Amino acid sequence: MTSPEQEPDPFENAYLYAFPNPERVGCPGSDVLRGLATKDLPISHPARLHLMQCSPCFQEFRQLQREIGTRRRQRTRVLLASAAILVLAVLLGWFWRMHERRSHVEIASNHAPGVLNFSAALNRGQGSVMRDQTLPRTVRDVAIMVPFHDQPGHYDVKLRRASDDRLVLQFSGTVSADQTGIKTLRAPVNFSQLSPGSYQMAWRQQGSTIEEVGEFVLQ
C-alpha cells in the first residue's frame, strides 16, 4: 500500500494526459519551458497558462523540473562533500601544527642543558655542600655552576657512583665567566645509559691536580 506522499496527484495526472496536442500547436518551445522550470521566467508568463492546456508541454516541463532538481541535489552533495573535506583539511592542519609545536617543545626541552649549582663549594678538594640537586637522564648538555675561584679554561670531568665510588663516565668541558662573574662549566653529556641514583661529579682543570667534587641525584 502506498503512502499519501507516494500516491500520484490526480490534478498532475490530468495535466500530463488529459490535454493531448500531437501537433504541438502553440507550444512555446523548450527554451521557454526550461525558463519556467528554472523559475528564470516570472510566474505570470503566458506560457504557464499554456502548460495547463497542453499535456506534451507539461510532460516536458515536469521532466525538466526533475532533471534540474537532480542536478541541484548533486551540486548540493558536491558542495557538502567539499565543505567536509575543507573542514577535515583544516582540522588535520591544526592537529599537525599542534603536533609539530609539541614536538618542537619536547625537542627543546630534551636539548635544554641540565643545570647543577656547585658554586657554594668553598674548600678545594672538599666537595660541594649543595647535595639535594637532580638531573634527568634525558639531558644532552650540562651546565655546572662552579666556585668563584675556578679559573676559565678546559676541564676534565669524572662521574662516580656515590654508593661505591665507581667511575661510570668521563667527559670534558669548558669553564667561562659571564658579565656578572658567575662561572659555568658547560659540556655535552649522555646520561641515558646510567641508572637513577646518587652520583659524585668531580672536575679539575686540565694540567691541575686539584679536584673538586659535587653530589647530585640522577633521575
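All of the numbers you see were taken from the coordinates with simple rules; none came from a lab. Since this is a predicted model, take the numbers as computed values, not measurements. Cβ: placed from backbone, ideal geometry, glycine included. Neighbour counts: every protein chain shown.
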- Compute the signed sum of charges (Lys and Arg +1, Asp and Glu -1) over the other residues within less than 12 Å, Cβ to Cβ, of G114. +2
- Note on the structure: Expected sort for 21-34, 73-86 on mean C-beta neighbours within 10 Å, highest first, is 21-34, 73-86
- Task: Round to the nearest 10 and give me the degree value, 0 to 90, for the angle of helix 55-111's Cα axis relative to the longest principal axis of the chain.
- Result: 0
- Surrounding net charge for R73, when Lys and Arg each add one and Asp and Glu each subtract one, Cβ distance under 14 Å: +4
- Message: Less than 10 Å Cβ to Cβ from A37, Lys/Arg counted +1 and Asp/Glu -1: what total charge do the surrounding residues give?
- Response: +1
- Out of these labelled values of mean projected area of the Cα convex hull in nm², [x] 14.0; [y] 28.2; [z] 20.3, which was calculated from the coordinates shown here? [y]
- Cysteines without a disulfide-compatible partner [the chain; Cβ-Cβ under 4.7 Å]: C27
